[in-house]
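The values are calculated or read from the model by the stated rules, or taken from the named source; none is laboratory data. The shown structure was predicted, so the numbers you read here are calculated from the model rather than taken from an experiment. Neighbour counts run over all protein chains shown; Cβ positions are idealised from the backbone, glycine included. Heads up: the accessible areas ignore ligands, DNA and RNA and are worked out on the full protein's heavy atoms, side chains in. Shrake-Rupley method; radii C 1.70, N 1.55, O 1.52, S 1.80 Å.
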Amino acid sequence: WGVASAGRDTEAILRGASTGELDALVVGAVDPADFADPALAYAALAGAGFVVSLEVRRSAVTEHADVVLPVAPTAEKAGRYVTWEGRRRPFDSTITNTGALSDAQVLDALADELDVALGLRTVAAARDELAGFSAYTAAPDSAALRQQRAPLGQGEAVLATWHELLDAGRGQDGDPHLAGTAKPARAIVSAGTASKHALTDRVTVSTDAGSLTVPVEIAVMPDDVVWLPTNSRDCAVRATLRAAHGSTVKLGGGDAA
């Protein structure tokens, strides 16, 4: 099964669905809040003519789904997580013979119905397929990488962000005591960045989409960088700022707009 051109990335898929260019979406265990622009994800769900959701429980996607296909929870399937550093963390199923189908098995069955042979019915087959892709090993051109980013303007910094183990993710739904042990929202900057932007107790991180005001912590890290937890209960970076790791943001004192 070959294709004549490259496929769409996630943003292109969402934009195509939001404008009606794509007729249907298959959404597998992902929440609109997981995207860099949650508003665009909701627009895609609303604009798609047909939505299939692969889930283990009710979610924000369920409200838009025409069909919900229950899939096996983590304990009943094998797979892997990829950390924010890009490290692969494989895991195997711990509860077997339940009859529940994994996401991959459901996708493979849907492809069969469309006369597309993915050949990924088993975990071993999927892992072999992934292992067959050659890795990109060319050394990055650091000078070229620096030229790709426009110089920071007055009051600007680069956003660093990733999920913490406990945050506002749906893994803590129904368990307020566990959720209550999550770290509080805060911004981490270097001493140089704090001095440059006159930051003391609090900082307002903003984009054209919105702003977040949180306490400041000083740590050893690069200057002109601000770190925020991606999805703290008091700091929803993607939904509020519509920004992601590497975005340019503005910094101001805690009373800034």
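Suppose each label sits 7 Å from its Cα in the direction of the beta carbon; what would the Asp234-Ser195 distance come out to in nanometres?
Between Asp234 and Ser195, the simple spin-label model gives 2.8 nm.
Could you give me the ³J(HN,Hα) list for the stretch 60-68, computed from phi with Karplus coefficients 6.51, -1.76, 1.60 and θ = phi - 60°, whole Hz, x at Gly and Pro?
3J(HN,Hα) across the stretch 60-68, in whole Hz: 5, 6, 4, 4, 9, 7, 7, 9, 10.
Cβ under 15 Å from Ala109's Cβ, Ala109 left aside: what net charge do those residues give with Lys, Arg +1 and Asp, Glu -1?
-3
HN-Hα J couplings of the stretch 87-93 from phi, Karplus 6.51/-1.76/1.60, θ = phi - 60°, integer Hz, Gly and Pro as x?
Coupling constants for the stretch 87-93: 7, 8, 10, x, 8, 10, 5 Hz.
How much FRET efficiency would the formula 1/(1 + (r/R0)^6) give for Arg57 and Ile95, where r is the Cβ-Cβ distance and R0 is 22 Å, rounded to 0.05?
Working: r = 17 Å, r/R0 = 0.77.
According to the calculation, E is roughly 0.85.
Just one of (i) 15.7; (ii) 12.7; (iii) 17.3 is mean projected area of the Cα convex hull in nm² as worked out from the coordinates here. Which one is it?
Label (iii) holds the value from this structure.
Which lysines does Lys250 reach when only Cα atoms under 17 Å apart count, and residues fewer than 8 places away in its own chain are ignored?
Lys196
Compute the signed sum of charges (Lys and Arg +1, Asp and Glu -1) over the other residues within less than 14 Å, Cβ to Cβ, of Val189.
Numbers: positive: Arg186, Lys196, Arg202, Lys250; negative: Glu156, Asp201, Glu217, Asp223, Asp224.
So the surrounding residues net to -1.
Run through the stretch 175-257 and list the trypsin sites (Lys or Arg not before Pro) located in a DSSP loop whose Cβ has at most 12 other Cβ atoms within 10 Å.
On the way: sites: Arg186, Lys196, Arg202, Arg233, Arg238, Arg242, Lys250; in loops: Arg186, Arg233, Arg242.
Answer by residue number: there is no such site.
Measure nothing but the geometry: give the 0 to 90° angle between the long axis through the Cα atoms of 38-47 and the longest principal axis through the Cα atoms of the chain, rounded to 10°.
With rounding to tens, the tilt is 30 degrees.
Give me, ordered by chain and number, the residues 5 or more places off Val51 or on other chains with an amide H under 5 Å from its own placed amide H.
Excluding prolines and chain starts, which carry no amide H, the hits are Leu25, Asp66, Val67.
Taking the alpha-carbon centroid of each part, what is the distance from the stretch 181-257 to the stretch 1-67 in angstrom?
Value for the Cα centre distance between the two parts: 29 Å.
Taking H as built 1.01 Å from N, whose amide H comes closer than 5 Å to the amide H of Gly253, not counting residues under 5 places away?
Thr204
Which FRET efficiency value, to the nearest 0.05, do you get for Ala150 and Trp84 by plugging their Cβ-Cβ distance into 1/(1 + (r/R0)^6) with R0 = 25 Å?
Working: r = 25 Å, r/R0 = 0.98.
Approximately 0.55, to the nearest 0.05.
How high is the FRET efficiency from Asp128 to Ala179, r the C-beta distance, R0 35 Å, rounded to 0.05? Could you put the intermediate results ahead of the total?
Working: r = 39 Å, r/R0 = 1.10.
Working from the Cβ atoms, E equals 0.35.
Can you list the HN-Hα couplings for the stretch 77-83, worked out from phi with the Karplus curve (6.51, -1.76, 1.60; θ = phi - 60°), rounded to whole Hz and with x for Gly and Pro?
8, 9, x, 7, 9, 10, 6
Using a 1.4 Å probe, how large is the accessible area of Lys183, given in Å² and rounded to the nearest 10?
Probe radius 1.4 Å; accessible area of Lys183 about 130 Å².
What number comes out for the charge environment of Ala39, summing +1 per Lys or Arg and -1 per Asp or Glu over other residues with Cβ under 14 Å away?
On the way: positive: Arg15, Arg238, Arg242; negative: Glu11, Asp31, Asp34, Asp37, Asp208.
Residues close to Ala39 contribute a combined charge of -2.
Of all beta bridges DSSP finds with both residues in the chain, what is the antiparallel percent, to the nearest 5? Could you put the intermediate results ahead of the total?
Details: 19 of 36 bridges.
So the antiparallel bridges amount to about 55 percent of the total.
Give the long-range amide H neighbours of Val225: residues separated by 5 or more places, or on another chain, with amide H under 5 Å away, using H modelled in the peptide plane at 1.01 Å from N.
It is Val158, Ser190, by chain and number.
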